[in-house]
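Working notes, beginning with the structure itself.
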Number of protein chains: 2
Amino acid sequence: MLSGPRGGDALDAAIDEHDALGFVSVGCGPDANVRYLTGREFDAHVVYVRVAGESHLRVPSTIDTPEIPGVSVRIDDKPAGKAAAAVLADAAADGTVLAPRTLPHDAALHLESSGYDLVSTPVVSEARAVKDDDERAAIETVQRAARRGVARAAEILAAATNDDGTLVWDGAPLSTERIRRQVNVALAIEGVDAAGSTTVTAGESGDAVVLHPGEPVVVSVQPQGRDGYRGALARTFVVDADGGWERRAHVACDAARDVALVEGTPGADAAFVGSEIRAETAAFGFSPTDEVTRDVGGGIGLSVREAPPLDGDAELAVGNIIRVRSAVSDPGNGRIELADVMAIDDDGPVFLGDPPTSLDPAAWSQ
Amino acid sequence: MLSGPRGGDALDAAIDEHDALGFVSVGCGPDANVRYLTGREFDAHVVYVRVAGESHLRVPSTIDTPEIPGVSVRIDDKPAGKAAAAVLADAAADGTVLAPRTLPHDAALHLESSGYDLVSTPVVSEARAVKDDDERAAIETVQRAARRGVARAAEILAAATNDDGTLVWDGAPLSTERIRRQVNVALAIEGVDAAGSTTVTAGESGDAVVLHPGEPVVVSVQPQGRDGYRGALARTFVVDADGGWERRAHVACDAARDVALVEGTPGADAAFVGSEIRAETAAFGFSPTDEVTRDVGGGIGLSVREAPPLDGDAELAVGNIIRVRSAVSDPGNGRIELADVMAIDDDGPVFLGDPPTSLDPAAWSQ
């Protein structure tokens, strides 16, 4: 069941390994760890405790108490650390308690003053980095919707006409904001949420109000499905490209994207893959420090940025799902960007959906 | 400027009052405090420091470094606490540092081991509770979009036909999911984000797939504008109401909503207003413990739940903007819910936009 709790086994193994009593996580608003561990999203202060092989959730009285299979849910309006200590106290009055290193400080102090020793653990982010089949299917679904969103932008740009140096669509000058809203309409029709992440940028400064032929238009979406999983897709389109800077930058980004498919094998060093993506982009004559993007991606799931990052200290593993991004910026020419989601499968990496990368919106929308 | 940094003066006053060196906040993902203090949203680990009357932001190298007027932005990939300590060290090697009580524990430990004493402060949430004119205007704008979203649901329900006990719209059975997508399309057209918060629920269990006449349908939206500010609007519609339970529950919720306008004056005790909303709902013969909702609302701004909560220890003040919610649930009949956004003005409380509350979708969509 997709929306069910996850991570219990990984937590139990970490608790065993550290000879610990239990594990505590606190969410002070929408929190991807809590969502992973409970299968639900809460926009409130909630406390998750794993102890003796069982999951407990404490929620404030102002939210409706959810029923979650396999999780004991109770109302507790005490501060998070006290609520967590009360759950742990049923098992033991002291002992080691694991927690993410970002546990809120007040909760940590309450737990310590209640007699528990805190040890920080990356176990939840490590568990989240390896997706099961249902999680992968959820990301594939949202990625299909992402493609529909970007296709809508391509459709509009392909239909736009050049009116004396300004692009016109549906009877009015075409702006980045008009495209952004249409992309979000397409995402809503697909049943996914734009998650405040849709951007349509163009022009030298990135904030062109009205679009012009020859200008690279970057369309980037990172929608969220109802189950919380995210997608990521970015494409750059140019209406009536003249084949200059933007063509060369696009070839560089496309080649860099292909590098991810060659290097992103199970066991590969994540930071090496990231540096190869940047090196390939730069190889087409772009400055690694000034023109090639630093953000080449990393794990994607319930968050757009999660483990393993492509600039961090980790090995890629089967089940990782990775946002791959290549981009070149130049103050005089604008920006070219491509972003996709890549799954690390048993037989190697694949781009989910593998949408076309063409600069020409007419080639995309057909 | 709406998207500019806020809260600097409030922080400086709190720093003075505590004879402190500075203030530190850390965001580990989208964080409303960081958004308030910087005017920008970051889906990454960022560090905000206020010291000597100036604001500093430290961001990881994997995100594009934003230019923020009045904020010194630098890249720093060190752990948050170390990055914050490095900023503070330019002013003094020790001293008291204020921080929200939810500061991540690892950052707190780094700061303490660097020689700073941490004192928790509610200053940011207190500053956020009182909106300035630009913030209020932003919430009014998103609330207008919220109304368009709910109006779309009313329009569809008003146009639905009764086909042998099932509602049919646009040639197919009408489901809660079809309405939800159409509501989100309407929000996207208005340029706001559904923020994953649109719910359309009906039936005894709340998850009716296909709708029937006589069934209360709750449409709830909490969209987010591009500047981050949220709206909140919920209405309940019944097609061909028979005037039984749902009519009585709706009268109760509507009366409870009016209570907020009477009691929500500047200086009123927030928890008293909340308890009066619940008491008025119950006065129509509903069980305060089993049928009347516990969530009657509270402050809304960059978060849907912020200060002052209507069940907490605070006085309402001019500039507060409050989500007001009244709801009744019954396992056999479903749920009736109304939610609005109320501004506490100099001359008393007003509902932003004051949308109609009718149960009849035809009355709403006209």
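Just so it is clear, none of the values below were taken in a lab; they were calculated from the coordinates. Keep in mind it's a predicted model, so treat the numbers as computed, not measured. Because the Cβ atoms are built from the backbone with ideal geometry, glycine has one as well, and the counts that use them run over all protein chains shown.
Placing a label point 7 Å from Cα along the Cα-to-Cβ axis, B:GLY165 is separated from the same position in the other copies by 6.8 nm, shortest listed first.
In the elastic network of chain A, a GNM with C-alpha springs shorter than 10 Å, the most mobile of A:ALA13, A:ALA314, A:ALA137 is A:ALA13. Using a Gaussian network model of chain B in which every pair of alpha carbons under 10 angstrom is joined by a spring, one finds that among B:THR38, B:THR236, B:THR161 the greatest mean-square fluctuation is at B:THR161. Shielding of peptide A:105-113 by partners, expressed as the average count of other chain Cβ atoms within 10 Å per residue Cβ, is 4.
Here region A:79-147 is treated as an ellipsoid with the same Cα gyration tensor; its semi-axes, largest first and in whole Å, are 35, 12, 11. Counts of other chain beta carbons within 10 angstrom of each beta carbon in peptide B:23-30 average 3.
Once the C-beta distance of A:ARG226 and B:ASP354 is scaled by a Förster radius of 35 Å, the resulting FRET efficiency is 0.65 to the nearest 0.05.
Expressed in nm to one decimal, what extension gain is obtained for the pair B:ARG247 and B:ASP132 from 0.36 nm per residue of sequence separation less their Cα-Cα distance? Don't jump to the answer; show the numbers that get you there.
Values: separation 115, 0.36 × 115 = 41.40 nm, distance 3.86 nm.
Full-extension gain reported as 37.5 nm.
With a ≥ b ≥ c the root eigenvalues of the C-alpha gyration tensor of the protein assembly as shown, is it rounded (a/c under 1.5), prolate (a/b larger than b/c) or oblate?
Working: a/c = 1.44, a/b = 1.11, b/c = 1.29.
Taking the square roots of the gyration eigenvalues as a ≥ b ≥ c, the protein assembly as shown is rounded.
Considering only B:VAL47, B:PRO356, A:VAL168, whose Cα is most displaced toward the positive end of the charge dipole of the protein assembly as shown, charges sitting on Cβ of Lys, Arg (+1) and Asp, Glu (-1)? Checked the options; the winner is A:VAL168. For chain A, leaving out every one of the GluC sites (Glu not before Pro) that falls in a DSSP loop and has at most 16 other Cβ atoms within 10 Å, the longest unbroken run is A:205-366.
The Cβ shell under 9 Å around B:ALA153 holds other residues with a net charge of +2, Lys and Arg each +1, Asp and Glu each -1. Karplus-based coupling profile of region A:220-226, in residue order and whole Hz: 10, 10, 9, x, 10, x, 5, with θ = phi - 60° in 6.51 cos²θ - 1.76 cosθ + 1.60 and x standing for Gly or Pro.
Sort region A:133-365 into rounded, prolate or oblate with this rule: let a ≥ b ≥ c be the square roots of the eigenvalues of the Cα gyration tensor; rounded if a/c is under 1.5, and if a/c is not under 1.5, prolate when a/b is larger than b/c, oblate otherwise. Present the calculation step by step, with values, prior to reporting the outcome.
Numbers: a/c = 2.25, a/b = 1.33, b/c = 1.69.
It comes out oblate by the Cα gyration axes.
Simple point charges give the picture: +1 on the Cβ of Lys and Arg, -1 on the Cβ of Asp and Glu, and for region A:283-366 a dipole about the Cα centre of about 280 debye.
Using a Gaussian network model of chain A in which every pair of alpha carbons under 10 angstrom is joined by a spring, one finds that among A:ASP133, A:ASP311, A:ASP345 the greatest mean-square fluctuation is at A:ASP133. Along the axis of the charge dipole computed for chain A (Cβ charges of +1 for Lys and Arg, -1 for Asp and Glu, origin at the Cα centre), the listed residues A:PRO288, A:GLY214, A:VAL324 are led at the positive end by A:GLY214. Under the convention that each Lys and Arg Cβ holds +1 and each Asp and Glu Cβ holds -1, the size of the dipole of chain A around its Cα centre is about 800 debye. Considering only DSSP beta bridges with both partners in the protein assembly as shown, what is the antiparallel share in %, to the nearest 5? Percentage antiparallel, nearest 5: 80. The HN-Hα couplings worked out from phi for region B:235-241 by the Karplus form 6.51 cos²θ - 1.76 cosθ + 1.60 (θ = phi - 60°) are 9, 10, 10, 10, 7, 6, 4 Hz, whole numbers, x standing for Gly and Pro.
Computed 3J(HN,Hα) for region A:91-96, one whole-Hz value per residue from the Karplus formula 6.51 cos²θ - 1.76 cosθ + 1.60 where θ = phi - 60°, is 9, 6, 7, 8, x, 8, glycine and proline marked x. Per residue of A:182-191, other chain Cβ atoms within 10 Å of the residue Cβ number 5 on average.
With both residues required to sit in region A:8-129, DSSP beta bridges show an antiparallel share near 50%.
Note on B:ALA362 and B:THR166: their simple-model spin labels are 2.4 nm apart, each label 7 Å out from Cα toward Cβ. Calculate how steeply helix B:80-89 sits against the longest principal axis of the alpha-carbon atoms of chain B, using the helix alpha-carbon long axis, and give the answer as 0 to 90 degrees to the nearest 10. So the inclination is approximately 40 degrees.
Normalising the average separation of contacting C-alpha pairs (under 8 angstrom, six or more residues apart) by the number of residues puts the relative contact order of chain A at 14 percent. With the cut-off at under 12 Å, measuring from each backbone N in region B:334-366 to a point 7 Å along the Cα-to-Cβ line of B:GLU315 picks out no residue. In region B:8-128, a dipole from Cβ-located charges (positive for Lys and Arg, negative for Asp and Glu) runs towards its positive end, and of B:VAL34, B:VAL123, B:PRO100 it is B:VAL34 whose Cα lies farthest in that direction. Axis of helix B:270-282 versus longest Cα principal axis of chain B: the two differ by about 10°, to the nearest ten degrees. Placing the label point 7 Å from Cα along the Cα-to-Cβ direction, what are the distances from A:ALA317 to the equivalent spots in the other copies, shortest first, in nm to one decimal? When each copy's label point is compared with this one, the spacings are 4.9 nm.
Is region A:253-333 rounded, prolate or oblate when judged by the Cα gyration tensor, a ≥ b ≥ c being the square roots of its eigenvalues, rounded requiring a/c under 1.5 and prolate requiring a/b larger than b/c?
Numbers: a/c = 2.30, a/b = 1.72, b/c = 1.34.
Cα axes put region A:253-333 in the prolate bin.
Here is how far apart the A:GLY115 label points are across copies: 3.8 nm, shortest first, using a point 7 Å from Cα toward Cβ. Computed about the Cα centre, the dipole magnitude for the protein assembly as shown is approximately 820 debye when only Lys and Arg (+1) and Asp and Glu (-1) carry charge, each at its Cβ.
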